[in-house]
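The structure under discussion appears below in the form of structure tokens.
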Amino acid sequence: MKRKNLIARKRVKKNKLPFSDSKIKNLYKKFKYTVFNNIKKKNFALAVSGGSDSLCLAYFSKVYSLEFKNKIHILIVDHNLRKESYKEALKVQKILKDKKIKSKVIQWKGIVPKQNIQKKS
């Protein structure tokens with residue numbers, strides 16, 4: 001993917017996507033179909049972990065929000081499971097900021113669970 005294609009700044013015009021690679025266009029079209037069938041033009045929130053799939057989802061969501069003029073809230077959850085988790089969350093936030101995607105880091109409040117973490121989240 002070329003660097004210039006990674007930043008979703010301009011309004012997306014109908015049938016004019018900011019991707020030149022046909023595989024990425026097809027992935028975005030599948031993403032758009034799925035999201036549109038579920039939320040249409042409503043505002044939505046998205047939790048991002050920092051993995052490549054998660055960052056791609058954030059980017060596609062940004063393009064979708066520009067296309068349909070809805071608002072997205074990108075959230076990075078710091079569960080405080082490790083000492084360096086907050087620094088990692090800030091690093092993810094910087095990556096998103098570099099792509100002109102606003103995000104917010106949310107920190108876990110209270111006792112950090114030792115087991116069944118996903119059940120408690």
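What to note about this one:
- If you sort the three axes of the alpha carbon gyration tensor as a ≥ b ≥ c, you get a/c of 1.5 or more for the stretch 18-108 and a/b above b/c, which makes it prolate.
- Gyration tensor (alpha-carbon) shape descriptor, the stretch 69-121, a/c threshold 1.5: oblate
- Note on 111, 39: ascending count of other Cβ atoms within 10 Å places them as 111, 39, the fewest first.
Read the figures in this text as sums done on the coordinates, not as results from a lab. Keep in mind that what you see is a predicted model, and the values were worked out from it rather than measured. Ideal geometry is used to build each Cβ from the backbone, glycine not excepted, and the neighbour counts take in all protein chains shown.
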